[in-house]
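Read the structure below first, then the notes.
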Amino acid sequence: MTYRDSLAVVILAAGQGTRMKSVHPKAMHKLAGRPLIGWLLETVKDLSPEQIIVVIGPDMDDLAQEVAPHRTVIQHKRLGTGDAVRTVLSELKDFTGDVLILLGDMPLITLGTLEKLIETRHAHEKIGLAVLGAEYDDPPAFGRLIQNIDGTLKRIVEFKDATDEEREISLCNTGAFCVRGDKLASWVSKIDTNNAQKEYYITDLPVIAAGDGFKTAVCVTQNESEVMGVNSREDLSAMEMMVQDELRAFAMENGATLQDPTSVYFSFDTELGQDVTVEPHVFFAPGVSVADNVMIHAFSHLEGVRVEQGAQIGPYARLRAGSSVGENAIIGNFIEVNRSHVHAGAKAKHLGYLGDAVIGEKSNIGAGTVIANYDGFDKNETVLGKGVFIGSNATLIAPLTIGDGAIVAGGSSITDNIPAQALGLAREKQMTREGWAAEFRKRKAKK
Ligand code: UD1
Ligand code: MG
């Protein structure tokens, strides 16, 4: 990059997003498992700005938390994007570098494009600000960019204020601006509400800057998808589909086989190793990393889990946050693993719940085993050593420790610790009556 000035980034996210019809701030809606604001912050961080300030609305504590440690400023009344910028002016009082203004509902803007926008602002000393425009085949209800003959920007007209003729223009305002920090305050103070929506529009800046002897440059991106906006749930799902396709392509490029990519859903941070195979209908919630040569069978749901080399998961497995599955371990059908660590070579192949447990190497958990980790108040831990064998349909009532090589008889309800190499058996002794069944049937038949 060629520019030298220091940089402040202002993200406008005070809008409730009326068209989302939600009680949550628009910027908190999730895209591939991460709030919209998180996508933008992640990109912006790579510009190494001196400060990042996010404008939020009142009662948006969750958004403030998501943004932290970056600063948030509250815009008490949503009077428009121009007013939103005004709320941060006191924070930028002595700041004379570049101020990059971004909209919180445009999360996929790329680093390269932002760098270009900043460079555009520095192309000439008379350029007071640069606006990021995008050409659309079928332009949405965005503001239109009206250029001077020399290609600089004359003004921006909001869709609602535009004439039919102006709406024919395909070059639109994406909402991203780079403005001289030393001029921002005086220009913003001149914005009025003389428009169709009776709002303070940040898009009035080009005309105001011109009055002060400065030009507005336009930086155009050809990449329509990076400037998609989210204004409705439909927009959000369209963006989700696009991001999912990118994540699927990324997984395959890195050597994973997806049998039916369109049925597999990833999170922004999913990591798959080489030669991982993912069968159809698998969902990766945030925080999953999978090592090489892992097989994930159909209809499995994974979240917050590390899966080591050669493990086999599913079909119909649920791996929950705070868990790990060791090398070559097998978690089979209808097994739920919750805050548990299943060590190398251990197996739980059919029907069961492993909660707050450590399953030692090469232990075998029989079908239908339930670890009762919750007593209604506390979550309690169960620790199984190496090579433990749990017979089918056992209930292990935590807290519990079972030593290496111990065996638990099928159908047992285990409440006491079992030492290494011992047998734990806790069920009624069997009673067998010879001939009883035949006599019973005879008796019934006579009636
Ligand atoms: C805005 C632009 C429009 C552009 C479009 C691109 C203006 C006046 N219009 O319109 O030219 O084509 O984005 O998506 O700027 N916000 C606040 N406080 C407010 C109002 C908005 O923080 O008082 C925030 C919102 O949370 C949102 C962003 O600013 O993240 C844009 O607001 P929105 O209402 O979506 O503007 P658009 O109508 O999309
Ligand atoms: Mg918008």
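Worth a mention:
- Neighbour-limited loop hits for chymotrypsin sites (Phe, Trp or Tyr not before Pro), the range 133-210 (at most 11 other Cβ within 10 Å; DSSP other than H, G, I, E, B): none
- Under the criterion of Cα pairs below 8 Å and six or more residues apart, the relative contact order for the range 241-357 equals 15 percent.
- The value given for the range 7-227 is a Kirkwood hydrodynamic radius of 17.4 Å, derived from the mean inverse Cα-Cα separation.
- Leading residue at positive end of dipole, the chain (Cβ point charges), from VAL85, ALA348, SER300: ALA348
- Given charges at beta-carbon only (K, R positive; D, E negative), |dipole| of the range 233-424 in Debye: 720
- Student exercise, the range 61-215 dipole from Lys, Arg, Asp, Glu Cβ charges, in Debye to nearest 20: 520
- Residue-wise HN-Hα couplings along the range 124-138, as the Karplus relation 6.51 cos²θ - 1.76 cosθ + 1.60 with θ = phi - 60° gives them from phi, are 8, 5, 8, 7, x, 7, 10, 10, 8, x, 9, 8, 10, 5, 10 Hz; Gly and Pro carry x.
- 3J(HN,Hα) from dihedral phi, the range 260-277, Karplus parametrisation 6.51/-1.76/1.60, rounded to Hz, x for glycine, proline: 9, x, 5, 9, 9, 10, 10, 9, 3, 10, 5, 10, 10, x, 7, 6, 7, 10
- Portion, in percent, of the accessible area of the range 243-362 that falls on carbon or sulfur, probe 1.4 Å: 49
- Over the chain, relative contact order from alpha-carbon pairs under 8 Å, at least 6 apart, %: 8
- Lysine-lysine proximity count for the range 7-227, Cα under 20 Å, sequence distance 8 or more or distinct chains: 22
- Percent of C-alpha pairs per 5 Å bin, the range 125-277, short to long: 2, 8, 15, 16, 14, 11, 9, 8, 7, 6, 4, 1, 0
- In this Cβ point-charge picture (+1 for Lys and Arg, -1 for Asp and Glu), the chain has a dipole of about 2300 debye about its Cα centre.
- Of GLY368, THR432, ILE402, farthest towards positive along the dipole that unit charges on Lys, Arg, Asp, Glu beta carbons give the chain: THR432
- Sparsely packed trypsin sites (Lys or Arg not before Pro) within the range 1-99, loop by DSSP, other Cβ within 10 Å at most 14: ARG4, LYS21, LYS77, LYS93
- Here the contact order of the range 7-227, divided by its residue count and restricted to Cα pairs under 8 Å and six or more residues apart, works out to 24 percent.
- Loop-located GluC sites (Glu not before Pro) across the range 141-227 with a Cβ neighbour count of 14 or fewer within 10 Å are GLU168, with loop assigned by DSSP.
- Average accessible area per residue (Å²) across the chain - probe 1.4 Å, nucleic acids and ligands excluded: 48
- Shape of the range 1-118 from the C-alpha gyration tensor: oblate (a/c of 1.5 or more and a/b not above b/c, with a ≥ b ≥ c the square roots of its eigenvalues).
- Rounded percent of accessible protein surface that carbon and sulfur make up, the range 7-227, 1.4 Å probe: 47
- When both the range 77-141 and the range 381-435 are represented by their alpha-carbon centers, they are found 65 Å apart.
- Mean projection area, nm², convex hull over Cα of the range 348-447: 8.9
- Along the axis of the charge dipole computed for the chain (Cβ charges of +1 for Lys and Arg, -1 for Asp and Glu, origin at the Cα centre), the listed residues SER324, PHE177, ALA8 are led at the positive end by SER324.
- Where both bridge residues fall in the chain, DSSP classifies roughly 20% of the beta bridges as antiparallel.
- Semi-axis lengths (Å, descending) of the ellipsoid that matches the C-alpha gyration tensor of the chain: 61, 21, 21
- Taking a quarter of the surface of the Cα convex hull of the range 233-424 gives a mean projected area of 10.6 nm².
The values are calculated or read from the model by the stated rules, or taken from the named source; none is laboratory data. Note that this is a predicted model, so its numbers are computed, not measured. Ideal geometry is used to build each Cβ from the backbone, glycine not excepted, and the neighbour counts take in all protein chains shown. For accessibility, only protein heavy atoms count, side chains too; no ligands or nucleic acids. Shrake-Rupley method; radii C 1.70, N 1.55, O 1.52, S 1.80 Å.
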